[in-house]
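Undergrad: I am attaching a structure below and will ask some questions about it afterwards.
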Amino acid sequence: MTNGQIILSGDRGIGLLDEENFRIDYPFQGMLEGRTGFLSADGKYLAAINDQTVNVFEVASQALTVSIDTSDVDGILSQVQFLADGLTLMVEKYIPSEGFADRRIALYQISDGAMTAVWSPTGSNLVLSPNGHYAAGVNSTIGLQVWSIASGGLWTTLPVIASRVSFSGDGQIIAVVELAKVKLFWVWDSFEIGRLEKDIGHIAGVALSPDGKLLLTWSDGPEPARLWTVPDFLPVRTLDIQGVSSAAFSPDGTEVALAGDTSFGRYDVVIDLFYQIGLNTYSPVTDLSFAPDRQFSAGQRLAVLYRPGPYHSVMLNWDITTQTTQFVQTTGTAFNIEFLPEPYGIALGGEHGTIQLIDANDGSLKRAFKGGATSVQDLTVHVSDTVRLAASAMNEVRIFTLPGSDEKNGRDVRISGGWVNSVVWPCFLAAAVDDGSIQILDEAGEKQEHSIIMPEGFNTLISATMDCSRLLAAQDRSVYPIVTGTWETLPSWELPEMITALAVSVDGSLAAVGLMYGSIRLLDMETGKEISSLEGHAGMVTALKFSPDGSILASGGRDGVVILWGVK
């Protein structure tokens with residue numbers, strides 16, 4: 001902000017960083033009421049999206065200043081930005097259509113909500129120049145269009161397909177990320193004035209200093225952030241912070257703020273000082289898994305997998321009894337996690353069919369398996385006289401018998417129909433496939449016994465009771481109970497929102513259903529009747545797991561929060 005206050009925004013809302021106490025405060029929750037919000041640079045106004053309406057509040061008094069109705073055009077409100085004049089609001093609307101979606105940009109007066117300009121640019125997530133003169137939209141296949149705010153007309157089109165852009169403070173220079181390159185252009189005549197092509201790995205974002213003399217690049221993977229001179233790209237400083245999701249210069253250009261996967265970084269440009277603050281705040285939760293053979297008295301553990309970006313993940317092993325972390329570590333790209341019986345550790349499913357077994361005590365790599373060529377979609381474990389791990393991928397499930405010292409590639413079980421998105425393995429192996437089917441194999445995972453055709457083409461989530469009497473399948477807003485043996489599908493249970501996570505309690509009496517907008521519903525397994533609604537997440541529920549003794553339900557969300565719920 002213009003006063004030097006650092007703002008962090010995400011699924012939990014808009015937070016203000018308290019660097020003295022190493023915490024994030026959320027003072028705007030009363031005005032936002034769980035809705036998406038946008039704060040002006042001077043902190044004077046807060047805009048909240050409410051369906052087709054943008055409500056603008058004065059922060060100091062929390063009074064509603066104006067309510068802007070955008071329902072004259074059908075679509076979804078995606079972004080609101082305050083112009084530098086402090087008087088104008090820019091509202092971006094996504095309009096679904098066949099092929100590429102349309103965008104509408106409209107300018108409104110904050111004083112009375114009157115519309116002053118409207119146009120339809122290409123690209124999305126328009127970036128405003130700090131002086132409010134220009135806007136540029138990314139991800140357009142026809143080039144980077146730069147628009148004049150004053151005229152509402154197209155100023156220029158740059159010959160790049162941009163994933164990120166940044167303007168200098170005066171709006172005269174624009175930095176563009178295209179694949180693994182950064183290009184610099186004069187805005188007034190579109191002339192390219194510099195290009196960064198050094199081998200520095202994936203570039204997730206850029207920021208130009210207000211005076212246009214420095215450029216910051218960062219990665220949402222393991223590569224560090226870096227400062228360069230403009231326009232010749234001489235290295236100035238390497239900032240050792242990983243998994244950066246966002247970064248910015250202070251308005252006077254003397255400081256840089258960076259939000260990493262597990263920490264916040266701040267760099268003083270003047271005195272060349274960089275430091276980090278561990279916030280114990282993580283990125284979206286991808287998966288959860290309890291230690292299967294540990295009691296709470298012996299220190300029950302919960303493994304949590306976070307996904308800060310497309311190129312790496314963060315794994316945390318948490319001792320629930322002492323409420324301390326056993327270890328936290330950054331890994332390569334991982335999609336799912338499964339706690340195995342001792343002494344096999346924790347399994348991570350990643351890219352190119354790779355399954356890593358991680359030591360549950362210190363996070364070191366015990367061994368790795370290599371399945372097929374495609375990414376692992378789900379993991380499940382089956383314990384009988386042996387311990388077997390199943391990993392699903394494209395048109396296959398790979399089965400690994402532990403310890404399997406000589407088994408590197410596993411046994412390939414072919415499953416037709418596309419990606420196998422979800423697998424469970426009580427006393428049968430069930431695989432939910434992209435084509436809308438659920439393939440049922442015998443307990444050994446060798447012989448196909450049945451195929452269930454689901455009514456919708458949506459991604460299917462599955463879970464099963466430990467006694468193998470019921471299989472649950474969820475699609476869109478419906479849960480389908482399936483009687484095992486006969487494989488009869490019973491009447492569905494309907495939920496109010498899209499289902500994003502599913503789990504069955506250890507005793508088979510409860511179904512936990514996670515929903516798109518953060519709610520968790522507990523349903524009676526016999527009737528489907530709702531027993532309780534659990535509210536705590538600020539965004540999509542992404543993972544649900546019951547503890548082995550059935551006393552705890554763990555939930556993870558896109559808001560980066562893990563909640564433990566007591567189950568009676």
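The values are calculated or read from the model by the stated rules, or taken from the named source; none is laboratory data. Everything numeric here is computed off the predicted structure, so don't read it as measured data. Here Cβ is always computed from backbone atoms with ideal geometry, including for glycine, and neighbour counts include all displayed protein chains.
Undergrad: Kindly indicate which of Leu154, Leu89 is in contact with a strand residue (DSSP E or B) (Cβ under 8 Å, 6 or more places away or on another chain) and within 22 Å of Ser190 (Cα to Cα).
TA: Working: Leu89 fails: within 22 Å of Ser190 (Cα to Cα).
The match here is Leu154.
Undergrad: Suppose we filter Tyr517, Tyr480 for residues that are outside any loop (DSSP other than H, G, I, E, B) and among the hydroxyl-bearing types (Ser, Thr, Tyr); which single one remains? Reasoning before the result, please.
TA: Details: Tyr517 fails: outside any loop (DSSP other than H, G, I, E, B).
After applying the criteria, what remains is Tyr480.
Undergrad: Could we say that Thr331 is more than 20 Å from Ala430 (Cα to Cα), touching an Asp or Glu at 6+ places or on another chain (Cβ under 8 Å) and of a type in the set (S, T, N, Q) here? Talk me through it step by step, then tell me what you get.
TA: Numbers: more than 20 Å from Ala430 (Cα to Cα): yes; touching an Asp or Glu at 6+ places or on another chain (Cβ under 8 Å): no; of a type in the set (S, T, N, Q): yes.
No.
Undergrad: Still on this structure: Looking only at strands (runs of 3 or more DSSP E) that fall completely inside segment 84-161, which ones have 2 or more residues that are surrounded by 18 or more Cβ atoms within 10 Å (Cβ to Cβ) and outside the structural domain of Thr65 (by TED's automatic domain parsing)?
TA: On the way: elements: 88-95, 102-109, 115-119, 124-128, 134-138, 144-148, 154-158.
Ranges flagged: 124-128, 134-138, 144-148, 154-158.
Undergrad: Here is a follow-up. Can you tell which of Ile193, Ile200 is free of Cβ contacts under 8 Å to residues at least 40 places away in the same chain, within 17 Å of Asp232 (Cα to Cα) and part of a loop (DSSP other than H, G, I, E, B)?
TA: Details: Ile193 fails: part of a loop (DSSP other than H, G, I, E, B).
Result of the check over Ile193, Ile200: Ile200.
Undergrad: What number of residues in segment 188-204 are crowded, with 17+ Cβ neighbours inside 10 Å and in contact with a Leu (Cβ under 9 Å, 6 or more places away or on another chain)?
TA: 3
Undergrad: Only one of Ser463, Ser392, Ser416 is under 23 Å from Asp507 (Cβ atoms) and in a strand (DSSP E or B). Can you tell me which?
TA: Values: Ser392 fails: under 23 Å from Asp507 (Cβ atoms); Ser416 fails: under 23 Å from Asp507 (Cβ atoms).
After applying the criteria, what remains is Ser463.
Undergrad: Given the residues Leu8, Leu39, which is the only one that is at pLDDT 80 or above, surrounded by 13 or more Cβ atoms within 10 Å (Cβ to Cβ), of a type in the set (A, V, I, L, M, F, W, C) and under 25 Å from the mean Cα position of the chain (by Cα)?
TA: Details: Leu8 fails: at pLDDT 80 or above.
None of the others qualify; the one that does is Leu39.
Undergrad: For segment 118-126, state whether one or more residues are under 24 Å from Ser245 (Cα atoms), in contact (Cβ under 8 Å) with a residue 12 or more places away in the chain and over 28 Å from the mean Cα position of the chain (by Cα).
TA: no
Undergrad: Looking at segment 410-424, is at least one residue over 23 Å from Ala503 (Cβ atoms) and buried (at least 19 other Cβ atoms within 10 Å of the Cβ)? Let's see the steps before the verdict.
TA: In the first step, residues of segment 410-424 are kept if they are over 23 Å from Ala503 (Cβ atoms); the result is 410-414, 416-418.
Okay, now just the ones that are also buried (at least 19 other Cβ atoms within 10 Å of the Cβ), so 410, 413.
Looking through segment 410-424, at least one residue is over 23 Å from Ala503 (Cβ atoms) and buried (at least 19 other Cβ atoms within 10 Å of the Cβ).
Undergrad: Among Thr486, Thr460, Thr500, which is the only one that is closer than 28 Å to Asn395 by Cβ and without any contact (Cβ under 8 Å) to a residue 24 or more places away in the chain? Break it down stepwise before answering.
TA: Values: Thr460 fails: without any contact (Cβ under 8 Å) to a residue 24 or more places away in the chain; Thr500 fails: without any contact (Cβ under 8 Å) to a residue 24 or more places away in the chain.
Only one candidate passes the filter, namely Thr486.
Undergrad: Need the failing condition index for Gly556 against (1) closer than 30 Å to Ile24 by Cα; (2) assigned to a loop (DSSP other than H, G, I, E, B), just the number.
TA: (2)
Condition check ((1) part of a strand (DSSP E or B); (2) at pLDDT 95 or above; (3) buried (at least 20 other Cβ atoms within 10 Å of the Cβ)) across all residues:
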site	(1), (2), (3)
Val244	no, no, yes
Leu258	yes, no, yes
Gly265	yes, no, yes
Ile271	no, yes, no
Gln276	yes, no, no
Asn280	no, no, no
Ser283	no, no, yes
Leu288	yes, yes, yes
Pro292	no, no, no
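Undergrad: Looking at segment 137-165 only, could you name the residues that are under 25 Å from the mean Cα position of the chain (by Cα), within 25 Å of Leu87 (Cβ to Cβ) and modelled with pLDDT under 90? Full working, then the answer.
TA: Here is the first cut: in segment 137-165, the residues under 25 Å from the mean Cα position of the chain (by Cα) are 137-141, 161-165.
Now drop any that are not within 25 Å of Leu87 (Cβ to Cβ), which leaves 137, 165.
Scanning segment 137-165 gives a single hit, Gly137.
Undergrad: Restricted to segment 205-234, and to residues that are over 17 Å from Phe249 (Cα atoms) and more than 20 Å from the chain's Cα centre (by Cα), which residue is surrounded by the fewest Cβ atoms within 10 Å (Cβ to Cβ)? Break it down into steps so the answer makes sense when it comes.
TA: Residues of segment 205-234 that are over 17 Å from Phe249 (Cα atoms), as a first pass: 220-223, 231-234.
Going one step further and asking which of them are more than 20 Å from the chain's Cα centre (by Cα), we end up with 231-234.
Working: Pro231: 18, Asp232: 10, Phe233: 18, Leu234: 8.
In this case the residue turns out to be Leu234.
Undergrad: Then there is this: Taking the stated definitions as given, is Asp74 within 28 Å of the chain's Cα centre (by Cα), part of a loop (DSSP other than H, G, I, E, B) and of a type outside the set (Gly, Ala, Ser)?
TA: Details: within 28 Å of the chain's Cα centre (by Cα): yes; part of a loop (DSSP other than H, G, I, E, B): yes; of a type outside the set (Gly, Ala, Ser): yes.
Yes: the conditions hold for Asp74.
Undergrad: While we're here: Taking the condition under 26 Å from the mean Cα position of the chain (by Cα), modelled with pLDDT of 80 or more and not β-branched (Val, Ile, Thr), does Arg104 pass?
TA: On the way: under 26 Å from the mean Cα position of the chain (by Cα): yes; modelled with pLDDT of 80 or more: yes; not β-branched (Val, Ile, Thr): yes.
Here the answer is yes, as Arg104 does meet what is asked.
Undergrad: Can you work out which of the residues in segment 465-494 that are over 22 Å from Leu515 (Cβ atoms) and among the charged types (D, E, K, R) is nearest to the chain's Cα centre (by Cα)?
TA: Asp467
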